[in-house]
Every structure is written in structure tokens, then in C-alpha cells.
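*Asks:* Got a structure here, written out as C-alpha cells. Questions coming.
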Amino acid sequence: MSKDAKTPMLDELEKGVWPSFVKEIKKSAKKSNTAQDLLNILERSYRDKVTHWKHGGIVGVLGYGGGVIGRYCDLPEEYPGVAHFHTVRINQPAGFYYTTSALRDLMDIWDKYGSGLTNFHGSTGDLVLLGTQTDKLEAIFAETTAKGWDLGGSGSCLRTPSCCAGMSRCEFASIDAMEICDTLTHKFQDELHRPAFPYKFKIKVSGCANDCTAAVARADMSIIGTWRDTIRIDAAEIKNYASKMDINTEVVGMCPTKCMSFDGSVLKINDKDCNRCMHCINLMPKALRPGKEKGATIMLGGKAPIVTGALMSWVIVPFMKLEAPYDNLEDLIRKLWEWWDDHGKNRERIGELVDRLGMRSMLESTGLPPVPQMVKAPRSNPYVFWSADDVK
Amino acid sequence: MADKPKRITDIGAPHFSKFLPPVIAKNYGKWKYHEQINKGTMKHVSETGDELYTVRMASPRLVSSDFIREICEIADKFSGGHLRFTTRNNIEFFPDKAQVDPLQAELKKRGHLVGGIGYGISNIVHTQGWIHCHTPATDASGVVKAVMDELHEYFTTKNLPARVRIALACCLNMCGAVHCSDIAILGIHRKPPKVNEATIANQCEIPTTIASCPTGAIAPNPAAKSVKIKSERCMYCGNCYTMCPSLPLADAHGDGISIYVGGKVSNARGPARMSRLAIPFLPNNPPRWPEVVNAVKHLVEVYAKDARKHERFGEWIERIGWERFFTMTGIPFTYQHIDDFTFARETFRMTPTFKWE
């Protein structure tokens, strides 16, 4: 379709204060027919109120089973620029830090072979290059890998792990989220690039219980930093905060465990009652810090609704020391995958498999002991499984 | 081809240490505390005494290579050639203290929005919609643009009682996993799939298509090498369409947007929680989705007026009670609000203790 095609509905979205994706598409459309026809077909969707993208075909690079999402439009004669509109997922660096030279390298490659349009970043965490053709994929792969980049995951594989800024810029981090994320990414390259699981498996690492990566909602394995000892208190800074805020109402009064008291000058915490929720530390970071005995809570099962309903991850290890090279974590993940591989049905997420087979099956095969931290409360119903060994 | 470079595979992402600003590399793991200076700036202080300033700006997430080159130019000038993106798709620069104000001025001059830190509305995490996806029930970028054009002051200047995390997913697949957001904007279908009898025998494997349905709404139709849809059982999840392209359910009239509220992922004060249905359906009305924009704005305003300091959307509703939430917002309570899927019973109330007006 020609560059003269009118896009009145999208033009409306160039107006307004918030940054406009339509302006971005138009910038790329000056250089790329693919971007121009993206604009045109998107206008068509705005008129028709339905998508014009078909089911993806299998496309990719040699030796990988994922990393490229095949996409074709349903009106290729009218919009030849987007007859193919494949997406390339580039594995982002942990913590999403970049140098300008690295970004320019990537953009030079992308302008040469693609639409020039990107997502910084996709939902799972990848740097997404939006819109290219099948015959360009090998060249994109060769040039990006030559610059030190690799593809992310897609399909029934380990999806690209992601994490928060962790210890790089956050005093709340009780684990080295970025190093853990990078280490797992490299330990599991085969599982990431060559889909061999029943379905997708996502890993997200958050440095503390504030969970900035939304790991509990968005990852099959949620790794969340915590500590076991006592909150560190700077008594002088407490007094400074007292002059700026109402500590009794905002901090003590909102503590979910009622583990603290403040007499106007001294804050006392009964750490035995504290559940490490982060509220007081969030409000008074200069005065309160997480303890020194640091580690992570490992949770399993988080996912979006498809197929049998959305899940939030639940605890399988209340506290795990996590120090490089993280072999204990790798070992646990491999055991979970083995159990899932053995029992999972096609397109059954690991959380749904726990639902179907029960926690015991997963715990026995991974060697994790049952502990009270795994449940909100023990069962109330008296329908209970006993194995022959239990009854012996 | 002689000039073809050697094939490199399985190298993973480059190690982040290549990209860290020197002050971050030096103080990695040593940060002691931080202060929010304004809605667009924060200061981190290290045990070494070093200070790190961060200035945050909004991004539409779907950006051109020109946009990336522009922020590179800014980063070269003000941030030592380093920058990062946040988990909510904002962009962060790391200027020296003396450069904080000049950087903010430069960003404003170029038309960028500085903000997103602390108690307000940060960027809306969202999916692809009609830009790139085959299963959406609505667009993503357009709805986000329309909503944030109306709510941008909560990003740049206005405060709210606590963070309000808004996320958008354009279908139930939820690439955006919006189900633990303060306000979740979710594209939904409302009509069952239409069987394309001409293609299904060639395109789809019938047993896996039948097995893909979580509600048992698909029955075999062996005579036609096809399937029958039991419309009364279909909940429009679209899982069958993912497995079988001959079962499309997108429909200009049937598709639209639902709004869920009260979720969060942070454990502060109480555990992470799921968002709950507030508005079952609003029509797709591009390019500005006025019904959706007004609904989100209304929800934010009712919350802003009544919630206590530090109280997230869901904590506010928990305090006032769902019955009063529906009264205060004027949203009608319908059959659709009462769950009838997998986890329904755990949402039923088992106490005669209510809050009456």
C-alpha cells in the first residue's frame, strides 16, 4: 500500500501529552516499507476492530527452536510490506543496563534488516525487534551474535529469565538478582534455545519482597530475596524520620504483624514476630535495613489464565542461601524439570501439574521436605492419601 | 560465501558488567539507602559515601531506532554513555549531581515526560494488540496511549495515596500477566469460536483441539472431520484457537475490554493478591477508547479521594468492603462478577458480616 494512504484514526493518537507509538511508527515508516505497511494495516484494524495477523508459522534460525516469532498478515496483497512481519527476541542483559554504543550497534543491524521498530522490552524481558522477513533471519542472527548478543526463548522452552536491578542500585536486595539471572541464563542455554518442555517455563528474580519483576504473578519459578536474622536499625535516623512523618500511624500502625512499637524516640522491633514484608523498610530506608543473613524464598507455579486459571507462585523452599555459582538452585530447577517432563501433559504448566498430581509427588521427586511455610494452613478435609510406606 | 562470519550460538546475553556505569560497578551491593528527590529523580547513597542520581522518563515501549538513537545521544551527553530500562519500560539516566537539572530541562525541551517514581502512576505495562498479535480482543498501545494522555499528571506531578500499577493485556493469554495489578485492563472475547469447516480437517488435530478446552465445550463431529462447539459451555478463553486456527473467535462486536482491580505483587503489609472484576465489559471504540479512559480515570479518582496514605487499591477496597466499592464507584454488580470457573468457591463469602451504607 502506498505511503499516501490515509491513517486518520492513528493520526489522532499523535496528539496528546503521553509519548506516541504512532509517531514512532511514522519515524520508521520514512525509511521502511514494512513500518509503512504496519501503519496502514493497523489503521485497518482500528476501522475493522479486529486483528489482521494470522497464526504464526514456524520460522527461526538454524539449530534453534525458538527466539523468532513467525507472523503473517491476512491481507498480503493489500499490505505487501507486512506479508511477513516476524519478531526477533534478543536476550536482554540482566537488569536492562546498556551502553549507548551497544544500542547503536543493535539499531544499525536492525535498520539494515528490519522495520526499525522495537519494544524495549517485551513482557518476558527480551529486547524485541518487531517486523522482518524470513530471508533476513540468518543475517540478523549472524550480525547480532558477532556483537555478543543471542536470541531469547519462545515456545515450550525456558523463556528468557529476567530480574530487577538488584544489588546494582537497590539497598533492599537480599540476593544478587542480576548475577543469578545471568548465571541461570548461561547454565540453561540448551533449554532456552531448544524447546523440549511440556510448555513454557519462566524464571524471574526479585531482590526483595517488593517483587519489582512481578515474579509471583508472572514466573513459573519466582526467586525472591529475603533475610532470616534481624532488621538493622539506625536509632539516630529513626529520630530524623520522626520529625518528618508520623511513625506510629504510618509505620507501626500499618505493620501487618504488629511486631514494632515507637515511644516517640526509640523504635523497637520484636523480630520473632516480623514476617519481613518490607513495609517499614520501604518507608524508612535510611533508618531500617534488611538483616545480614540473606537468601531467597523459592516459589513455584505462577502463570496467566490459560489453561485452567491464573495462578500465583507458592512457596517450595522458604529460605535458600544463594551464592555463586548457584549450583543448589540449578540442581533444584533440573529436578523440577525432570518431574515435569516425566508427568506433564502437552501444554500443562508446572503449576497446573502440581494441581493435578499434588504437592507430594513434586516434593518426593525433588527431595524437598514438607514444611509449614508451604501452606497458609494445613488441610481441613479428612480425605488424605496414605502410601503403603506411610502405614507400615 | 567467503565473507560469511563464523556461526556463533548459545552465548546467552552479554554479562551486565559490560554495561554498568562506573559508580554502579564500584558500589555494586554496597548501597545503603535512597531518597526520592522528586517524581522523576532519586538519589542512592552507598556505604562508600558515593552518590548515584537516577532520572526517569516515560517511553511508549514501541519505539523506533531513531528514538533509541535519540536517548543514546542524551545518555552520551548527560549519563556517561549509560542508561537502563525499568521493568515497567521507563528509561533511566544516571547524571552527576550537577547534571540532574540540565538533564531534566533537556528532556522537557525535547518533549519527554520525566516522572514515574513513588506514589503515582508509572508506565502501563502492556502487550502487542493489533500491532503484532493473532489472538487479541483489543489493541494495546492505543488504549495505553489514550489512558495515559488522560492520567499523565499522575506520572509527572500529582501524587496518589500509594502506587497504582496499571497493566493491559489484550487477551486472556495475558503476555502482560496483568492479574496482580491495581488496575488491570483486559481484552476479552464474548462470542464462541466459529468453526471454519473448509479448513479444519487440514489445519487442526481434532483430539488436541478438543482436549485444549478447559470447560469441555468442544465435541467431535467425526462425519465432517470437524468439531461442534457447545456454545453454552464456552467461556471465550481462546485456547482452542491457539491450538486450531480454524476456530477464530475475534469479533468486532463481541470483543472489548474488562477491568479488574485491587491486585498487587508487593508483599508490603500483606501478601501479593489477584485483581478482581470491577467492570465486565466496555466496547472497543478506537482510536481513543473513551469508555475505557473514563472508567480508569473514575476508578483512580474515587480511590485517590477515599484511600488512606500508603493504602494500595486492593487494601482500600478491603477496608471499605466490596459492597461499598460498588456503591462508591457506581459500577453495577452483575452475574459476571460472581465467579463460576475453577477457583469460584474460594471467592464466596461465608459470613453474615457486611458493611451497609
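*Asks:* Which order, highest average first, do A:277-283, A:37-43, A:110-116 follow once you tally other Cβ atoms within 10 Å for each residue and take the mean per peptide?
*Replies:* A:37-43, A:110-116, A:277-283
*Asks:* How much solvent-accessible surface does A:Val354 expose, in Å² to the nearest 10, with a 1.4 Å probe and all protein chains in place?
*Replies:* Near enough 10 Å² of accessible area.
*Asks:* Pull up the cross-link candidates among the aspartates and glutamates for B:Lys228, meaning alpha carbon to alpha carbon under 20 Å and not fewer than 8 places away within one chain.
*Replies:* B:Glu197, B:Glu205, B:Asp251
*Asks:* Over the whole of B:185-193, what's the average partner chain Cβ count within 10 Å per residue? Rounded to a whole number, please. Write down the numbers at each step before the final one.
*Replies:* Details: counts 0, 1, 0, 0, 0, 0, 0, 0, 0.
The per-residue average across the peptide is 0.
*Asks:* A further question on this structure: Between segment A:177-219 and segment A:359-392, what's the alpha-carbon centroid distance in Å?
*Replies:* So the two Cα centres are separated by 27 Å.
*Asks:* Related question: Leaving out same-chain residues fewer than 8 places away, which aspartates and glutamates sit with a Cα under 14 Å from that of A:Lys244?
*Replies:* B:Glu35
*Asks:* Another one. Just want the answer: with Cβ charges of +1 for Lys and Arg and -1 for Asp and Glu, which residue in A:Cys163, A:Ala215, A:Met260 is farthest toward the dipole's positive end in chain A?
*Replies:* A:Met260
*Asks:* In addition: Only four residue types carry charge here, +1 at the Cβ of Lys and Arg and -1 at the Cβ of Asp and Glu. Report the dipole size of segment A:71-214 about the Cα centre in Debye, rounded to the nearest 20.
*Replies:* Numbers: 13 positive and 18 negative charges, 55 e Å.
So the magnitude is around 260 debye.
*Asks:* Taking the highest mean first, how do the peptides B:220-232, B:89-101 order by number of other beta carbon atoms within 10 angstrom per residue?
*Replies:* Listed from highest to lowest mean packing, they are B:89-101, B:220-232.
*Asks:* If you take every residue apart from B:Pro21 with its C-beta less than 10 Å away from the C-beta of B:Pro21, what net charge results, scoring Lys and Arg +1 and Asp and Glu -1?
*Replies:* Residues near B:Pro21 contribute +3 overall.
*Asks:* Structure shown: which of A:Lys26/A:Lys112; A:Lys147/B:Lys97; B:Lys18/B:Lys97; A:Lys202/B:Lys43; B:Lys108/B:Lys158; B:Lys158/B:Lys264 lie over 26 Å apart, alpha-carbon to alpha-carbon?
*Replies:* A:Lys147/B:Lys97; A:Lys202/B:Lys43
*Asks:* Among the listed pairs A:Lys376/B:Lys309; A:Lys239/A:Lys268; A:Lys136/B:Lys6; A:Lys294/B:Lys32, give every one whose C-alpha distance is greater than 19 Å.
*Replies:* Cα-Cα > 19 Å for A:Lys376/B:Lys309; rest within.
*Asks:* Oh, and also: Once every DSSP H run of n ≥ 4 in chain B is given -39500 (n - 2.57) and the sum is divided by its residues, what mean residue ellipticity at 222 nm do you get, rounded to the nearest 500 deg cm²/dmol?
*Replies:* Working: 11 runs with 93 residues, N = 357.
Per the formula, -7000 deg cm²/dmol.
*Asks:* Right, something else. Cα centroids of segment A:1-80 and segment B:41-55: how far apart, whole angstrom?
*Replies:* 41 Å
*Asks:* Which of rounded, prolate or oblate describes segment B:1-70 when judged by the alpha-carbon gyration tensor and an a/c cut-off of 1.5? List each step's numbers first, then the result.
*Replies:* Details: a/c = 3.79, a/b = 1.65, b/c = 2.30.
Oblate is the answer for segment B:1-70, as a/c is 1.5 or above yet b/c matches or exceeds a/b.
*Asks:* How do B:Glu51, B:Glu346, A:Glu338 rank by accessible surface area computed with a 1.4 Å probe, from largest to smallest?
*Replies:* B:Glu346, A:Glu338, B:Glu51
*Asks:* May I pose another question? Please name which of B:Ile338, B:Met328, B:Ala304 has its Cα lying farthest along the dipole of segment B:302-355 towards the positive end, using unit charges on Cβ (Lys, Arg +1; Asp, Glu -1) and the Cα centre as origin.
*Replies:* Projecting each Cα onto the dipole axis, the largest value belongs to B:Ala304.
*Asks:* Which aspartates and glutamates have a Cα lying under 15 Å from the Cα of A:Lys272, excluding residues fewer than 8 positions away in the same chain?
*Replies:* Those aspartates and glutamates meeting the cut-off are A:Asp229, A:Glu293.
*Asks:* Assign unit charges at the C-beta atoms only (+1 for Lys and Arg, -1 for Asp and Glu), then state the dipole size of the protein assembly as shown relative to its Cα centre in Debye, rounded to the nearest 20.
*Replies:* Result for the protein assembly as shown is approximately 840 debye, rounded to the nearest 20.
*Asks:* Mind checking the mean number of beta-carbon atoms from other chains within 10 Å of the Cβ atoms in A:358-364?
*Replies:* Counting other chains' Cβ atoms within 10 Å and averaging over A:358-364 gives 0.
*Asks:* Here's a follow-up. What is the magnitude of the charge dipole of segment A:276-392 about its Cα centre, with +1 placed on the Cβ of each Lys and Arg, -1 on the Cβ of each Asp and Glu, and no other charges, expressed in debye to the nearest 20? Kindly include the intermediate steps, with their values, before the conclusion.
*Replies:* On the way: 17 positive and 14 negative charges, 137 e Å.
About 660 debye.
*Asks:* Also, quick follow-up: Does chain B come out rounded, prolate or oblate by the C-alpha gyration tensor, with a ≥ b ≥ c the root eigenvalues, rounded set by a/c under 1.5 and, if not, prolate when a/b is larger than b/c and oblate if not?
*Replies:* oblate
*Asks:* What shape does the protein assembly as shown take by its C-alpha gyration tensor, where a ≥ b ≥ c are the square roots of the eigenvalues and a/c under 1.5 counts as rounded, a/b above b/c as prolate, and the rest as oblate?
*Replies:* Since a/c stays below 1.5, the shape of the protein assembly as shown is classed as rounded.
*Asks:* Another question about this same structure. Run the helix sum for chain A: -39,500 (n - 2.57) per DSSP H stretch of 4+ residues, divided by residue count, reported at 222 nm to the nearest 500 deg cm²/dmol.
*Replies:* That comes out to -9000 deg cm²/dmol.
The values are calculated or read from the model by the stated rules, or taken from the named source; none is laboratory data. Everything quoted here is computed from the prediction, not taken from an experiment. Virtual Cβ from ideal backbone geometry, glycine too; neighbours counted across all protein chains shown. Remember, those area values only see protein heavy atoms, side chains included, never the ligands or the DNA or RNA. Shrake-Rupley method; radii C 1.70, N 1.55, O 1.52, S 1.80 Å.
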